[in-house]
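Worksheet: the structure to be examined is printed underneath.
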Amino acid sequence: MAFQTSKIEQQEVKLSKKKDKKNKIKLSAKEQKKLLEAEKIYREGVTSVRDIIAPASFKVDPRAVELNGKYLTTLFVINYPRYISVGWFSSIINYSSPLDISMFFYQVKTEVILKQLRKKVGNLEAQLMADAEKGAPRDPLRETALRDIEKLRDELTQGTERFFQFSLYTTIYADSKEELDRMVEKVESIFGSKLVYTKRALYQAEQGFNSSLPLGNDELQISFNMNSSPIATSFPFISSELTSDDGILYGINRHNNSLIIFDRFSLQNPNSVVFATSGAGKSYAIKLEILRSMMMGTEVMIIDPESEYKYLSDAVGGAYINLSLNSESKLNPFDLPRPTESDSRPADILRSSVITLKGLVRLMLGDLTHAEDSLIDRALIETYAKKDITVDSDLNNIDPPLMKDLEEILSGMEGASDLVIRLKKYTEGTFAGLFNSPTNIDVKNQLICFSVRDLEDELKPIAIYTIINYIWNTVRSEVKKRILIIDEAWWLMQREDSAKFIFALVKRCRKYYLGVTTITQDVNDFLGSPYGQAIVTNSALQLLLKQSPAGIDIVQKTFNLTEGEKYLLLEGNVGEGIFFAGNKHVALLVRASYTEDQIITSDPRQLLEIEASKKEFEAQMNSQGGEDNKENNK
C-alpha cells in the first residue's frame with residue numbers, strides 16, 4: 001500500500017506541474033503584446049555596436065555611393081591574360097590613395113571540372129580535325145587552348161592544382177565625384193597595363209560596397225574561372241627577395257627568413273642613410289657592414305663622434321686617429337688633392353678647394369656679409385698664390401699654406417680687420433693647435449677611424465668638415481672601392497654650408513667608387529634641412545630601425561611607409577627595421593655571429609664583461625708562466 005500511495009502522489013505532482021505550465025502559457029499569451037512593447041522601448045534606449053559604427057549618412061546613386069561626405073565606387077575584374085606574373089597586384093596594393101580590396105574564392109569539385117574539360121577537349125579536337133580534312137590553315141588559338149586544357153587536366157588529376165571561381169573587387173574612395181572619376185581612370189589604367197580588364201559596378205554601387213566590407217558577403221557574385229597557380233599571383237602579401245650572388249649579408253628577411261645579401265655598389269649610387277633612435281642598434285648594424293665589407297676588400301673610413309668604433313678598429317688592426325686640441329695628429333684645411341687622369345686640371349681643383357674653404361671659414365667665423373664673403377674669396381686665392389699655387393702650377397710638388405697665411409693676407413686688406421680679429425682665435429688663440437699646422441697624417445690602412453670625442457661641441461662641426469675634406473682629397477687622388485661612414489650626421493645638417501658640402505659629396509662620390517653612409521638619430525634636424533632630404537633622395541640604400549614617436553611622422557612621409565610599417569618601426573626590438581635597396585624594401589633582422597658580436601658590441605655591460613674576461617685570461621696566463629718558471633728553476 002505504501003508503494004501505491006507514493007506512486008499516486010508522484011502522478012499528482014506531475015499533473016500540478018502541467019497545470020502550472022498551461023497557466024504560464026496562457027499568461028504569456030495575454031501579455032505578449034505588452035512585453036514586446038516594453039522590450040522595444042528598452043532597446044531604443046540601449047546603444048549597440050551597430051549604432052556606433054553605422055554611418056551618419058548613406059546615399060546610393062547609380063555610379064557611386066555617398067558615405068558621410070565621401071564618394072566611393074567598386075571595380076570588379078572580368079578578364080585576365082593567359083600569362084600573369086607573380087606580384088602583379090602589388091601596384092594596386094601600394095596605390096597611394098585609400099582602397100578596399102576583397103577577394104572571394106569558391107572551390108569547384110574536381111570531378112565536375114574534369115567532366116567539363118573533357119567535353120571541351122572533344123569539341124576542340126573535332127574542330128581541328130574538321131579543319132584538317134577541309135585543308136583549312138591551322139588555327140594557333142585553338143591549338144594553344146587545347147594544350148592548356150590538357151595540361152590543366154593533368155594537374156587536376158594529379159592533385160597539384162585546384163579549381164576555383166575567383167572574385168576580385170576594388171572599392172575606391174574620394175572627396176568628390178570628379179576626383180572619384182579621375183581615380184577610377186588611374187586604377188583602371190593600372191589594371192589595364194597588366195592586361196587585366198575591369199568594369200565599374202553600375203546600378204550596383206551599394207552591393208559593391210557591401211562586398212568590400214569585412215563581412216564576407218559577396219553581393220556582386222561576379223567571378224572568373226581560375227586554377228590555384230594564377231590565383232596565387234594575385235595574393236597581396238608578398239615579400240621582396242634581396243638575395244644576390246655578390247655582396248655582403250645585411251640581415252635576415254623577417255617575412256620569409258631568407259638572407260638579405262646585397263652589393264651596395266651594384267645600385268645606381270652606393271650611398272646609404274641610417275635613421276634610428278639611440279639604442280636601436282644602428283651602430284651595431286653599421287659595424288657589422290664594416291666588418292663584412294672589409295672581408296670583401298673594401299676600404300673603410302669612419303668619422304666617430306663618440307669613440308664607438310675604437311674597439312672595432314683595435315680588433316682588426318685599423319688606424320685610430322684622435323683629433324683634439326692637444327693631440328699630435330693634425331689636419332691642414334688648405335691641402336689639395338693630387339691630380340688624376342680624370343681630374344687633371346689644376347684650375348678646377350683650386351677653384352673647388354677655394355669653395356670648400358669658404359664653407360669652412362663660415363663655420364669658423366659665423367655668418368658673413370656679402371662684402372666679407374667677397375674679401376674671403378679674394379684672400380683665399382691670394383693665400384694660395386703666396387705659396388706659388390696658381391691655375392698653372394704643378395700640384396704634385398707644392399707646399400700648402402696654413403691658416404696663419406690667410407690671416408696675414410686678410411690683415412693687409414682694407415675692411416678685413418673684423419675678420420682678422422675673429423680668425424685669430426684659430427691661429428693664435430685657444431683653437432690654434434688644431435687648424436694651423438701642416439698635415440702629419442698619412443695612413444695606409446684598410447680601416448681608418450677619426451675620433452672627435454675630445455673636442456668641444458663648438459669645434460666638432462668644424463673638425464668633421466675638415467676631416468671630410470681630407471678624406472675627399474684622398475679619394476680624388478686615388479680611385480678605390482671605399483666606404484665613408486659619417487656618424488651623427490645631424491651635426492653637419494645644422495649649418496647650411498656643411499650640409500651643402502655633404503650633399504655635394506654624396507652627389508659626386510659615385511664616379512670615385514666611394515659610398516657615403518650617413519647615420520643620425522635626430523631625424524627631425526636631418527630631414528628638416530632641404531639638403532637632408534636631397535641626401536636621402538641620392539642614397540639608394542636606406543636602413544630604418546626603431547623610431548621615436550616624435551619623428552615617425554616625418555619618416556613615414558619621407559619614405560612613403562604604410563601604417564603597418566610605421567608601427568613596425570615604433571614597436572620593433574633592437575636590430576629590427578626596414579631595409580630599402582632601390583625600389584625594393586623588406587623587414588630586416590640584423591644578426592651577427594658570436595665572434596662578430598664580441599667585436600662590434602656597444603653595450604657597456606657586455607664590454608665590461610669582455611674586459612673582465614680578458615683580464616682573467618691574462619692573469620691565468622701570467623700565473624701559468626710563473627709556475628712554468630718555477631719548474632724550470634727546479
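A few comments on the model shown:
- Diffusion coefficient, µm² s⁻¹, Stokes-Einstein with Kirkwood Rh over alpha-carbon pairs of the chain at 10 °C and 1.306 mPa s: 50
- Sites listed here are trypsin sites (Lys or Arg not before Pro) in the range 48-157 whose DSSP assignment is loop and whose Cβ has at most 10 other Cβ atoms within 10 Å: Arg82, Lys109, Arg138.
- Principal-axis tilt of helix 460-477 within the chain, Cα atoms, nearest 10 degrees: 80
- Charge dipole (the chain, unit charges on Cβ, about Cα centre) - positive-most of Thr298, Leu128, Ala64: Leu128
- When both bridge partners sit in the chain, DSSP labels roughly 60% of those beta bridges antiparallel.
- Whole-number D in µm²/s for the range 390-457 (Stokes-Einstein; Kirkwood sum over Cα pairs; 10 °C, 1.306 mPa s): 107
- Selected from Ala174, Ala581, Phe164, residue furthest toward positive end of dipole (the chain; charges at beta carbon): Phe164
- Compared with the dominant Cα axis of the chain, that is its longest principal axis, helix 110-134 is turned about 80°.
- Counting only Cβ charges, +1 for Lys and Arg and -1 for Asp and Glu, the dipole size of the chain around its Cα centre is about 4180 debye.
- Between 0 and 90°, nearest 10: helix 417-427 axis offset from the chain longest Cα axis: 90
- Mean separation of Cα contacts under 8 Å, 6 or more apart, over the residue count of the range 76-232: relative contact order %: 40
- Shape call, the range 76-232: gyration tensor on alpha carbons, a/c limit 1.5: prolate
- Computed from the alpha carbon positions, the gyration tensor of the range 78-118 leads to an equivalent ellipsoid with semi-axes of 31, 14, 8 Å, biggest first.
- 17 Å reach of a label modelled at Glu179, 7 Å along Cα-to-Cβ, counting backbone N of the range 39-65: 64-65
- FRET efficiency, Gln116 to Glu219 (Cβ-Cβ, R0 25 Å, nearest 0.05): 0.40
- Rounded to the nearest 20, the size of the Cβ-charge dipole of the range 379-508 about its Cα centre is 680 debye, with Lys and Arg at +1 and Asp and Glu at -1.
- Overall form of the range 418-564 per C-alpha gyration tensor (a/c, 1.5; a/b vs b/c): oblate
- Close amide H partners of Leu588, meaning residues 5 or more places away or on another chain with modelled amide H under 5 Å apart, are Arg254, Gly577, Ile578, Phe579.
- Counting neighbouring Cβ atoms within 10 Å and putting the fewest first, the residues His255, His370, His585 line up as His370, His255, His585.
- Pairwise FRET efficiency - Ala315 versus Ile93, Cβ, R0 = 41 Å, nearest 0.05: 0.40
- Ordering of 154-165, 386-397, 486-497, 222-233 by burial proxy (mean other Cβ atoms within 10 Å per residue, highest first): 486-497, 222-233, 154-165, 386-397
- Kirkwood-based shape ratio for the range 332-438, expressed as Rg/Rh from alpha carbons: 0.97
- Relative contact order of the range 113-167, taken over Cα pairs closer than 8 Å and 6 or more residues apart, is 36 percent.
- Residue exposure proxy: Ile535, Ile53, Ile101, ordered by other Cβ atoms within 10 angstrom of their Cβ from fewest to most, comes out as Ile53, Ile101, Ile535.
- Each peptide in 525-534, 297-306 receives the mean, over its residues, of other Cβ atoms within 10 Å, and ordering these scores from highest gives 297-306, 525-534.
- Once the C-beta distance of Tyr567 and Lys34 is scaled by a Förster radius of 56 Å, the resulting FRET efficiency is 0.60 to the nearest 0.05.
- Along its three principal directions, the equivalent ellipsoid of the range 110-195 from the Cα gyration tensor extends over semi-axes of 40, 21, 10 Å, largest first.
- A simple rule links phi to the HN-Hα coupling: the Karplus curve 6.51 cos²θ - 1.76 cosθ + 1.60 with θ = phi - 60°, which for the range 503-513 gives 4, 5, 5, 5, 6, 9, 6, 4, 6, 9, 6 Hz, with x for Gly and Pro.
- Using 0.36 nm per residue and subtracting the Cα-Cα separation, the extra length available between Phe617 and Arg43 on full extension is 198.8 nm.
- Full extension of the chain segment joining Val391 with Ala145 gains 81.1 nm, where the gain is 0.36 nm per residue of separation less the Cα-Cα distance.
- Relative contact order %, the chain, counting alpha carbon pairs below 8 Å whose residues are six or more apart: 15
- Only helices enter this figure: runs of n ≥ 4 DSSP H residues, each worth -39500 (n - 2.57), summed and divided by the residues of the chain, yield -15500 deg cm²/dmol at 222 nm to the nearest 500.
- In the range 405-457, a dipole from Cβ-located charges (positive for Lys and Arg, negative for Asp and Glu) runs towards its positive end, and of Val443, Leu455, Leu419 it is Val443 whose Cα lies farthest in that direction.
- Part-to-part distance (alpha-carbon centres) for the range 80-134 and the range 55-78, which is given in Å: 30
- DSSP-assigned coil residues among trypsin sites (Lys or Arg not before Pro) in the range 388-475, each with at most 13 further Cβ atoms within 10 Å: Lys444
- Chain lengthening between Val443 and Arg591 when straightened (0.36 nm per residue, less Cα-Cα): 50.1 nm
- The phi torsions of the range 163-176, fed into the Karplus equation with coefficients 6.51, -1.76 and 1.60 and a -60° offset, translate into couplings of 10, 9, 9, 10, 10, 10, 10, 10, 9, 10, 10, 8, 8, 8 Hz, rounded to whole numbers, with Gly and Pro shown as x.
- Working from label points 7 Å from Cα in the Cα-to-Cβ sense, the Ile261 to Phe235 distance is 2.4 nm.
Read the figures in this text as sums done on the coordinates, not as results from a lab. It should be emphasised that the depicted structure is a prediction, and the values quoted were computed from it without experimental measurement. Virtual Cβ from ideal backbone geometry, glycine too; neighbours counted across all protein chains shown.
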